[in-house]
Amino acid sequence: MTILLLPPVSLFPAKYKPGAFLKPARPLPSSRPRAPRRRESPPPRAAGAIVSGVDEDAFTKYSGYLFENGASSAAEFLDEYDLPAISAIYRRKPVLLLRRSLQIGATFGRWFALRYLDSISDRSDEMFKVRAAELRMILLELGPAFVKIAQAVSSRADVIPPAYLEELSLLQDRIAPFSTEIAFSMIEKELGLPIDILFSEISPEPVAAASLGQVYQARLRSSGKVVAVKVQRPGVRAAISLDIFILRYIAGLVRRAAKLNTDLQAVIDEWASSLFREMDYRAEARNGLKFRKLYGRLRDVFVPEMFMEQTSRRVLVMEWVEGQKLTEVKDLYLVEVGVYCSLSQLLEHGFYHADPHPGNLLRTSDGKLAYLDFGMMGEFKKEFQDGFIEACLHLVNRDFDALAKDFVTLGLLPPTAQKDEVSKALTGVFQNAVNKGVRNISFGDLSGNLGRTMYKFKFRIPSYFSLVIRSLAVLEGIAISFNPDYKVLSSSYPWIARKVLTDSSPQLQSTLQALLYKEGVFRIDRLESLLTESLRARTEQSMVRKEVGKTDSTAAIQQALSFTLSEKGAFVREILMQEFAKIGEELKT
Ligand SMILES: Nc1ncnc2c1ncn2[C@@H]1O[C@H](COP(=O)(O)OP(=O)(O)OP(=O)(O)O)[C@@H](O)[C@H]1O
């Protein structure tokens with residue numbers, strides 16, 4: 001059981017430097033708890049003032065928009081993404097629909113026109129940063145649906161230019177808050193008790209504000225535990241529903257006009273369903289509980305406790321995590337911990353954090369990797385897990401025909417695909433990368449190349465697969481920001497090698513067998529390389545911890561031997577025994 005020793009509670013945690021971007025939470029003396037200050041609104045703000053990067057105008061428009069279009073709409077009460085219901089609600093409001101469509105069109109239209117003017121006046125480079133900042137403000141003004149879309153792409157260093165990436169990453173946690181008065185009354189309404197009864201202390205202002213909700217620090221009256229209280233923005237569900245409805249319509253037009261093969265409306269529907277699930281905080285708390293149970297015990301991983309009794313659809317109460325953003329502390333060891341935890345999520349239990357954006361990963365004050373925000377979780381099915389491992393093995397061993405088959409198993413290619421042709425294309429795409437050696441393959445480049453090949457063959461990448469790729473690409477992205485040579489695949493391969501050598505799944509065992517025998521000939525070199533990699537999985541982790549010194553080759557041989565003799569090495573031992581028996585027979589003749 002991992003135990004996090006919380007440091008003395010301060011309502012000015014290290015990661016929220018007072019005044020950095022929010023008004024500081026009011027420190028309440030922990031020795032003598034006071035009744036919370038209730039219904040305290042933030043002081044009036046000067047229009048157009050900038051509070052450390054949060055533009056007040058954008059904030060006003062953003063919140064105003066939510067209230068105007070959200071709080072009173074029937075769509076605010078939808079429990080899940082229900083397209084017929086959303087259509088029925090907004091078809092009855094043509095004026096609202098038209099006004100909002102014009103607002104979206106005019107806002108983006110103006111921005112594209114400015115970019116066009118930049119390009120014809122040869123000022124594109126000069127104005128690049130300005131336009132990136134404008135785009136961020138536009139997304140903020142347009143509301144949560146656009147902020148969420150931007151967040152989804154903001155970790156893609158491979159597709160977004162750096163200046164845009166920098167601006168879009170600010171959307172992850174620099175969104176202005178809504179009124180505390182409204183938030184407190186929402187807590188009371190949702191949980192059915194007065195704030196003073198629920199909490200003995202609560203920060204008079206939010207400590208963080210995100211697109212869907214904002215977070216307060218508080219102390220539970222019942223147990224005295226310090227908690228984070230997340231409150232959903234009022235009107236957010238209705239506002240998002242309206243925008244989804246409009247975006248779907250635009251997607252239909254674009255698809256027809258550009259004769260696209262990809263069903264853009266289906267992509268939006270899938271995204272919308274997951275966004276609606278994310279807006280149900282009870283589901284988020286259940287996800288958090290499961291995540292904690294599965295991964296909270298991994299070494300140096302921390303998952304906060306969820307308080308189900310104090311959680312409702314729009315209010316979530318969980319254990320407070322004291323720490324700093326992983327991106328700020330630049331801790332490569334914790335990136336490795338994240339990679340190992342991701343592999344365990346994807347390939348061990350198949351239940352994974354599908355939104356591990358940099359704002360959701362913290363380094364706790366005692367040096368652990370803490371996960372936050374369990375709104376978006378993915379399920380990676382067992383057959384896909386094995387298929388993914390097989391694809392990695394075939395990629396590293398340059399078996400492109402087998403790789404094309406793996407793509408069918410993974411649902412990336414339809415079974416009817418011309419596998420020869422695809423395999424030729426994949427060979428072209430991956431050969432260069434693989435020739436550089438597994439340690440030099442960049443996950444970002446690989447997924448970019450894969451996307452382009454898929455596009456060429458008019459195949460679509462299933463959304464589950466994009467999320468899986470994203471959950472690893474995010475970690476690579478964080479590491480690259482302070483270590484340009486970091487490669488996530490190089491950290492993952494030892495784990496994969498170990499898995500394939502030790503797993504009892506018949507599918508993986510037959511893959512291993514196929515890999516170790518080429519045209520009936522035993523490939524000892526492949527077994528050797530798998531063994532070396534799988535041993536690296538163990539030693540590398542301990543070396544990062546500085547627990548052991550460098551292993552010499554004798555130690556490696558000893559470890560390889562002890563592995564093949566261990567219970568987990570049974571299948572490999574069996575193969576080796578058969579090979580030894582064959583050699584014995586040959587020697588006899
Ligand atoms: N348990 C916690 N302990 C400390 N801080 C927290 C905790 N939970 C959330 N926060 C802070 O609040 C911020 C927003 O929380 P969270 O990401 O869960 O909200 P969200 O509305 O789902 O955000 P997003 O829209 O970006 O996904 C986090 O980035 C973090 O700074």
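A short reminder: the numbers here are calculations on the coordinates, not readings from a lab. Values in this document were obtained by computation on a predicted structure and should not be read as measured data. Virtual Cβ from ideal backbone geometry, glycine too; neighbours counted across all protein chains shown.
In this structure the amide hydrogen of residue 351, modeled in the peptide plane, comes within under 5 Å of the amide hydrogens of 380, none closer than 5 places in sequence on its chain. Over 25 Å apart at the Cα level, from the set 230/368; 382/405; 148/230; 230/382, are 230/382. Sequentially through the stretch 289-299, phi angles give Karplus couplings (6.51, -1.76, 1.60; θ = phi - 60°) of 4, 5, 4, 5, 5, 7, 10, x, 8, 5, 4 Hz, Gly and Pro residues having no value and appearing as x. Taking H as built 1.01 Å from N, whose amide H comes closer than 5 Å to the amide H of residue 305, not counting residues under 5 places away? Those lying under 5 Å, H to H, from residue 305 are 319. Under a model in which nothing but the beta-carbon of Lys, Arg (+1) and Asp, Glu (-1) is charged, the stretch 176-333 shows a dipole of about 580 debye around its Cα centre.
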